[in-house]
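Worksheet for the structure shown next.
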Amino acid sequence: MDNNKLFTDYLKKEMVLDIKKMPKEQALDLLIKTMSENDNISDPHSFKQAIISREMLMSTGIGHGFALPHARLDSIKDFTIGFARCLEGIIYESIDDKPVHFIIMIAAPKADEKDYLKSLAPVIQKLKEKEIMDALLNAKTTDEIYGLLI
């Protein structure tokens, strides 16, 4: 799978947010609300509950300033990705105890477990590129952020 394929196919410009510093729960809520405006998520309440349940199980803060909250549900018709950048950083209980600057939220259909698991690899690979992280931090607009991700 092409590293950019996931972003190109499933991240829409309207799903990219540039947010101010706020509590983790508020940031997740904002991203959930934005993603739930997409027709692929037919039950926003269940989506929110799944994201919150996953966070309660274990933080999705994967370190290096990134969080990867995700949920698989029958009510999700197709993969949908949301992206939020917070320059100031969000206290997120990450594995490295550092603030999160980028939240990539993935909504996936429950039936496609194989594709769902495979979809995480290119996201993580993309996150490891220092040039991408620096460019995302220096982007001036959500259009610039979106352009860097696709």
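The values are calculated or read from the model by the stated rules, or taken from the named source; none is laboratory data. These numbers come from a predicted model, not from an experiment. Glycine gets a Cβ as well: all are built from the backbone with ideal geometry, and neighbour counts include every protein chain shown.
The residues of segment 49-63 that are modelled with pLDDT of 95 or more and surrounded by 18 or more Cβ atoms within 10 Å (Cβ to Cβ), listed by number, are Ala50, Ile51.
What number goes with the only condition from (1) modelled with pLDDT under 95; (2) in contact with a strand residue (DSSP E or B) (Cβ under 9 Å, 6 or more places away or on another chain); (3) not hydrophobic (A, V, I, L, M, F, W, C) that Pro44 does not pass? Going through the list (1) modelled with pLDDT under 95; (2) in contact with a strand residue (DSSP E or B) (Cβ under 9 Å, 6 or more places away or on another chain); (3) not hydrophobic (A, V, I, L, M, F, W, C), Pro44 breaks only (2).
Which count do you get for residues in segment 3-55 that are of a type in the set (S, T, N, Q), in contact (Cβ under 8 Å) with a residue 24 or more places away in the chain and either within 20 Å of Pro99 (Cβ to Cβ) or in a helix (DSSP H, G or I) (or both)? Can you show your working first?
Within segment 3-55, the subset of a type in the set (S, T, N, Q) is 3-4, 8, 26, 34, 36, 38, 40, 42, 46, 49, 53.
Adding the requirement that they be in contact (Cβ under 8 Å) with a residue 24 or more places away in the chain leaves 3-4, 8, 34, 38, 40, 42, 46.
Retained after the next criterion (residues that are either within 20 Å of Pro99 (Cβ to Cβ) or in a helix (DSSP H, G or I) (or both)): 8, 34, 46.
Summing the residues that are of a type in the set (S, T, N, Q), in contact (Cβ under 8 Å) with a residue 24 or more places away in the chain and either within 20 Å of Pro99 (Cβ to Cβ) or in a helix (DSSP H, G or I) (or both) in segment 3-55 gives 3.
Would you mention how many residues in segment 75-102 are in a strand (DSSP E or B) and charged (D, E, K, R)?
Within segment 75-102, the first condition is being in a strand (DSSP E or B), and the residues that meet it are 76, 80-90, 100-102.
Right, trim to charged (D, E, K, R) and you get 85, 88.
So the answer is 2.
Within segment 129-143, the set of residues being of a type in the set (Val, Ile, Thr) and part of a loop (DSSP other than H, G, I, E, B) comprises Thr141 only.
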